[in-house]
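Working notes, beginning with the structure itself.
Laboratory data are not the source of any read-out in this text; all were calculated from the coordinates shown. Here the structure is a predicted model, which is why all the values come from computation and not from measurement. Here the Cβ positions follow ideal geometry from the backbone for every residue, glycine too, while neighbour counts run over all protein chains shown.
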């Protein structure tokens, strides 16, 4: 049995993700030790679920990377898995420093992160590659353009996540004068929403694309979902890979099948998505395939996942004291 140490960053509530890695490790004959870190590990459920937890500064703090490197060095970490969007950029920039310590950071190159962390650039890059995307304009462009608008539209932070700061704007007069951060306006789509999880191997080959319908969503994360096998979703995943040829590992994108515009991809997350446990349950063992890559084992990645797998998430708790 091979030993491997994993560090889950900004662990928060990602207990299910840790459990996925543990099941995958056992199935692949890997003795996995799980470390987790967070700004407040004493208040993090995932840190309670880990074998050991650590305090780290927020990902925008100058000491964030240094603290992560120290944990990696002290405990022989071989794989670092980020879980939130804001930490992707600093970790991507620091990949060579982690590699010097023998650790792989599960993150795409900075060129990819710069695109997916900017909603306007995301739709521009995807659109040039033929991916269907919603009409998206900057806040300044919306203010200055005198032509017809597609009102109502969604106002979103350029680098937002987890549905933070999103609201409907029904006319040009409702546009904010001085928002706290850069914003974009995006076509208000109506129809069923889907997430497509993707696994791209180290050579840049798309090995799997598994879609689930987002039946219920809470705080931007799927709460109830069902896998659906539809050729359209695989085709869109292939187009996303063409648009982002340097992307690697696990990522996901979201789309809505709009009643009039058809499919529109509006967001790409270059990390494990919150609904990933459904993909693993359905047979797309991305956690296991990632562990095998890090361990130097032959790839067994495939696209033979189960259609119609259902996930109904619920809250659980850790108690102490």
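A few remarks follow.
- Mean separation of Cα pairs under 8 Å and 6 or more residues apart, divided by the residue count, gives the chain a relative contact order of 16 percent.
- Beta bridges per DSSP with both ends in the chain, % antiparallel, nearest 5: 70 percent
- In the chain, helical runs assigned H by DSSP with n ≥ 4 each contribute -39500 (n - 2.57); averaged across all residues and rounded to the nearest 500, the mean residue ellipticity at 222 nm is -8000 deg cm²/dmol.
- Taking label points 7 Å from Cα along the Cα-to-Cβ direction, residue 144 and residue 29 give a separation of 6.3 nm.
- Spacing of the modelled spin labels on residue 43 and residue 306, each 7 Å from Cα toward Cβ, amounts to 3.8 nm.
- Sequence ranges 309-318, 19-28, ranked by mean other-Cβ count within 10 angstrom, highest first: 19-28, 309-318
- Whether the range 167-207 is rounded, prolate or oblate, judged on the alpha carbon gyration tensor where a/c under 1.5 counts as rounded: oblate
- Shape metrics for the range 2-107, restricted to C-alpha atoms - Rg then Dmax, Å: 12.7, 38
- Alpha-carbon centroid distance for the pair the range 108-158 / the range 230-286, whole angstrom: 18 Å
- A protection proxy built from the mean count of other Cβ atoms within 10 Å ranks the segments 101-108, 203-210, most packed first, as 101-108, 203-210.
- Annotation: peptides 278-289, 166-177, ranked by per-residue average of other Cβ atoms within 10 Å with the highest first, follow the order 278-289, 166-177.
- Approximate spin-label separation residue 295-residue 180, in nm, with each point projected 7 Å along Cα-to-Cβ: 4.4 nm
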